[in-house]
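The values are calculated or read from the model by the stated rules, or taken from the named source; none is laboratory data. Values in this document were obtained by computation on a predicted structure and should not be read as measured data. Cβ sites come from the backbone with ideal geometry, for glycine too, and all protein chains shown count toward neighbours.
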Amino acid sequence: MSEYLDDRGKTKSVWFAVLFDFHRTKTLRRLLISMLLVGFYAFLVDYLEAELFHIDFKPPSYVYSMLGIVLGILLVFRTNTAYDRWWEGRKLLSKLGYTWKNVAIKLNAFLPESDVMHRRYFATMISNHSFSLKESLRGGVIVEELVESEPGILSKLDQLYHIPNFFLTKICEKINYLYKQGVITDMQFLELTKHVDDTSEVVSSCERIRTSPIPFSYSIHLKKFLFAFVLILPFGFIHDLGYWCILIVMLIFYAMVGLDVIGEEIEDPFGQDENDLPFDSICKSLRKNVNEILKV
Amino acid sequence: MFLSKENFWFVGLKGAFRTPTWRALFSSLAIVFVYYAFLYFLVTQYVDFNFQIPGFVVYMLGYVIAILFYFRLNNSYYRWNDGYKALTYLRANADTFSMKIRAYLEDYPEEILFLSSMMKNYARAMRDIVRDFQDAKGMIEPEKGMMKKFENVYHLPSRINTLLEERINSLRKADKLTLVQFWDLNRCIVRNSEHLSSAEALKGTPPPKTYVMHIRGFIISYMLMIPFGFIHEFEAWMLMFLLVFFYFYAGLEIVSDEVEDPFGFDADDLPVEPITVDLENRIESIIKT
């Protein structure tokens, strides 16, 4: 019922399918308790106002629309920058992929067909580099994902300060070794070392995205603003809507604060949540690609 | 699991009172409060204003202010991000440079030590210069007697780059580096200046003052004007409300102001010091392992 076939025979979900999946979204799960609290607050305001105090306090409706515009724009900014970081992360991963593929393509041409040893060495080191980058961004290392390209290379990984750099250093050394041995010419050497710089930039930039959330003073200001908005929200409705305002306040809270929560969710894209980047599969496909190009 | 901190949005509000906005806005809040109190007194006791600014004017100006905020925040954030990028690119460059000298100069450990210390010095000099000072004493001495070459210099990072280039060149002359290796290392040195100057551009050029002043003037006149939109339903409550609005509106301006100059010692500034330390550790681990 929630899916249909389009002209080209592709399965598509109907637009309102979200209604059936709604309960599974992470935003709702993360906001449920807070929404209930806000609903309770609205009830309290309503009750006190209707039964006890009868204050005639009613801000004109344009106060809310005025604040709503500013808040809306701030939330756009929040999601925009968070998405920007998420997408920058994705672009960096593409850059990592194509840089290594280019290195493999060049190595395949430069190295003699029979030099299986070096082909295998580079193929394993390239995949080691990308897999270890993935895990170092998640704060660790999984030795099982790595391949022992030379004996004992994986034995002291946990003592290293920075694992991806370690593999990159090895690659750099091997390129220099091949050059010194006369296996590759000087121009071929330059063509290869160029890519080492690019990869290093990807590593450092991914670390920047991971370690720098949006400036604290901004995110806390936005939260304070949202909080204050929610606090005055019930006063706009109680005179007209009575207890129905509880639902409306909860709905507005969900819509607005949800954006803040999504922003938090996507601004560090290297984790393993459903909204994070498919880093594992990118690494795996890179490994397959490089192995295929280098014919190992 | 369900009751974890992550699922409780209000936890994020902790630290709400530690931000610089309170301090920066305290006097302005006091002034606006006095103005509102005076107006209230005037309206309730003496003057009967018979004009009221229509709601749509207040509303419309709110629109304009919101868009201006977006523009200002966006600019400041991207300045901050660019500052971060400059630092991380320098770190990447230092990484590749050390990998390369380690491979190319395998047989000359004293050269590796010299060049890597100079790279660390460059990062230190950049850390200092984006914070408006130079400290020749804080440099690492790469070789005996080098320290005096850092003293009394107009621009320390350029001096360090000069020394690096001289050394690479003499290594080439002495045939310790081949032509293409020399070429390759040179590329790294060139990139040093590139990243430093993008950081210096951020440091030295704040956004045009007139435009910042215009936004501030706009916010203040808006806040002074708003009470006339409510003049017929003037209540003390409303004024407290407006004070809170003022805090949030002007606070955004303060936030942008904090963020737009990303190098410094504030809580919101970039972690220049930790990044430099990280860079040094990485160089160390590359050349030692």
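So here's what we get for this one:
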| item | result |
| --- | --- |
| Search result, residues across the range B:64-85 that are facing chain A (nearest Cβ under 7 Å) and in contact with a Pro (Cβ under 6 Å, 6 or more places away or on another chain) | B:Trp80 |
| Within the range B:208-239, tally of residues that are of a type in the set (A, V, I, L, M) and away from chain A (no Cβ under 13 Å) | 5 |
| Residue satisfying condition, being under 26 Å from the mean Cα position of the chain (by Cα), surrounded by fewer than 20 Cβ atoms within 10 Å (Cβ to Cβ) and touching a residue at least 60 places away in the same chain (Cβ under 8 Å), within set A:Glu88, A:Glu144 | A:Glu88 |
| Conditions (1) buried (at least 21 other Cβ atoms within 10 Å of the Cβ); (2) at pLDDT 90 or above; (3) within 12 Å of chain B (Cβ to nearest Cβ): number failed by A:Met250 | (3) |
| Candidates B:Ser117, B:Ser98, filtered to the one that is closer than 28 Å to A:Tyr179 by Cβ, touching a residue at least 40 places away in the same chain (Cβ under 8 Å) and of a type outside the set (Val, Ile, Thr) | B:Ser98 |
| Only listed residue being facing chain B (nearest Cβ under 9 Å), outside any helix (DSSP H, G or I) and not aromatic (Phe, Trp, Tyr), chosen from A:Ile184, A:Ile214 | A:Ile214 |
| Per-region count, the range B:259-289, residues facing another protein chain (nearest Cβ under 10 Å) and of a type in the set (D, E, K, R) | 7 |
| Selection from the range A:28-64 of residues that are within 8 Å of another protein chain (Cβ to nearest Cβ), surrounded by fewer than 17 Cβ atoms within 10 Å (Cβ to Cβ) and not in a loop (DSSP other than H, G, I, E, B) | A:Arg29, A:Leu32, A:Ile33, A:Leu37 |
| Sole exception among (1) under 16 Å from A:Cys283 (Cβ atoms); (2) in contact with a helix residue (DSSP H, G or I) (Cβ under 8 Å, 6 or more places away or on another chain); (3) in contact (Cβ under 8 Å) with a residue 60 or more places away in the chain for A:Arg138, by number | (2) |
| Residue that is farthest from the other protein chains (Cβ to nearest Cβ) [pool: residues in the range B:1-28 that are farther than 30 Å from A:Arg30 by Cβ and surrounded by 16 or more Cβ atoms within 10 Å (Cβ to Cβ)] | B:Ser28 |
| Residue satisfying condition, being within 14 Å of another protein chain (Cβ to nearest Cβ) and either charged (D, E, K, R) or in contact with a Ser or Thr (Cβ under 8 Å, 6 or more places away or on another chain) (or both), within set B:Glu165, B:Glu110, B:Glu143, B:Glu106 | B:Glu106 |
| Test: residue in the range B:42-52 that is facing another protein chain (nearest Cβ under 9 Å) and part of a helix (DSSP H, G or I) | no |
| Count - residues of the range B:116-159 that are among the polar types (S, T, N, Q) and in a loop (DSSP other than H, G, I, E, B) | 2 |
| Pick from the range A:220-232, criterion more than 8 Å from chain B (Cβ to nearest Cβ) and within 12 Å of A:Leu74 (Cα to Cα), ranking: surrounded by the fewest Cβ atoms within 10 Å (Cβ to Cβ) | A:Leu226 |
| Cβ pairs under 6 Å, 6+ apart, first in the range B:124-148 and touching a residue at least 12 places away in the same chain (Cβ under 8 Å), second in a loop (DSSP other than H, G, I, E, B) | B:Asp128/B:Gln134; B:Asp128/B:Asp135; B:Val130/B:Phe263; B:Arg131/B:Phe263; B:Ala136/B:Glu151 |
| Residue that is touching a residue at least 12 places away in the same chain (Cβ under 8 Å), among the small types (Gly, Ala, Ser) and not in a helix (DSSP H, G or I), where the choices are A:Gly271, A:Gly263, A:Gly258, A:Gly236 | A:Gly271 |
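Residues are listed down the side, and each one gets a yes or a no for (1) in contact with a Lys or Arg (Cβ under 7 Å, 6 or more places away or on another chain); (2) without any contact (Cβ under 8 Å) to a residue 24 or more places away in the chain; (3) surrounded by 14 or more Cβ atoms within 10 Å (Cβ to Cβ):
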{"residue": "B:Glu200", "(1), (2), (3)": "no, no, yes"}
{"residue": "B:Met225", "(1), (2), (3)": "no, no, no"}
{"residue": "B:Gly229", "(1), (2), (3)": "no, no, yes"}
{"residue": "B:Val259", "(1), (2), (3)": "no, no, yes"}
{"residue": "B:Asp269", "(1), (2), (3)": "no, yes, yes"}
{"residue": "B:Pro274", "(1), (2), (3)": "no, yes, no"}
{"residue": "B:Ser285", "(1), (2), (3)": "no, yes, yes"}
{"residue": "B:Thr289", "(1), (2), (3)": "no, yes, yes"}
